[in-house]
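Have a look at the structure below before the remarks.
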Amino acid sequence: MPITIKSEREIELMTEAGRILGIVHKELEKALKPGMSTLDIDALGEEVIRSYGCEPSFLNYNGYPASICVSVNDEIVHGIPSAKHLIKEGDIVSLDAGVIYKGYHSDSAYTYIIGKVDKDTERLVNETRRALYEGIKVVKAGIKLNDVCSAIGKVAKENGFGVFECLTGHGVGRNLHEDPYIPNLSNHESEGIILKEGMTLAIEPMFSLGTKQVWLLEDEWGIVTRDGSPAAHFEHTILVTKDGYEILTGE
């Protein structure tokens, strides 16, 4: 599939999809607390999404059974919400969400620290967030996509984090997942892709304190670190502009 360049109208729709998703995350952040179940988080997220006349991007996507991916501690992505899984002090919780507004998707993720965690886990969360913005800030029309990948991967290397090579960012628009795939470390394939004005990308570093190896859970959705080490995940949908970028999903 060729990398799509969005029209002015498509950019308007994606900007609104991103604005709404930013509100969804703010509402989830305010509500997140020890004792609530991951299913509670999902229910609130879906309620807020639908209150703005949008649909959840993830619900029933390839069979995924929820609106919000809730991934806790060693879960990297695609955690399925459950009434039995209660958030507790010392957890780190990654919330990945998307909305569909008039046929166009936005996609973003944040990892939240609940209460107090050890210094290494706090560093993991903070540095994964920094990697997102290090990757975003090099974006502009005319650069190689690999410049973005390299900027993200540099943060992981500096910290000795595991980088999950099987999990990447991606293009986004009329489809939730579009070309190009955006690895979180320098790679040969991304060298040949030049960013152009009007591309819309979901950039999403995912790092662990330990291994880069993963397990797929028995539910065939949740992906966890193979050594049980904690993982963090941050993501924004961005628009490539002539001289830089615009973050569509809040800050």
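Things worth noting here:
- Candidate lysines - alpha carbon under 17 Å from Lys26, same-chain residues fewer than 8 apart omitted: none
- Long-range amide H partners of Thr249 with built H, under 5 Å: Thr237
- Of the two radii for region 90-130, the radius of gyration is 1.17 times the Kirkwood radius, both from the alpha carbons; that is the Rg over Rh value.
- Rounded, prolate or oblate (a/c below 1.5 giving rounded, otherwise prolate when a/b exceeds b/c) for region 96-251 by Cα gyration tensor: prolate
- Normalised by the number of residues in region 30-168, the mean separation of alpha-carbon contacts (under 8 Å, six or more apart) gives a relative contact order of 18 percent.
- Applying both filters, DSSP loop and at most 11 other Cβ atoms within 10 Å, to the trypsin sites (Lys or Arg not before Pro) of region 198-251 gives Lys242.
- Excluding ligands, DNA and RNA, the accessible surface per residue across region 1-101 is 45 Å² with a 1.4 Å probe.
The values are calculated or read from the model by the stated rules, or taken from the named source; none is laboratory data. Keep in mind the model is a prediction, meaning the values are calculated, not measured. We place every Cβ from the backbone using ideal geometry, glycine too, and count neighbours over all the protein chains shown. Surface areas here come from the heavy atoms of the whole protein model, side chains and all, with no ligands, DNA or RNA. Shrake-Rupley method; radii C 1.70, N 1.55, O 1.52, S 1.80 Å.
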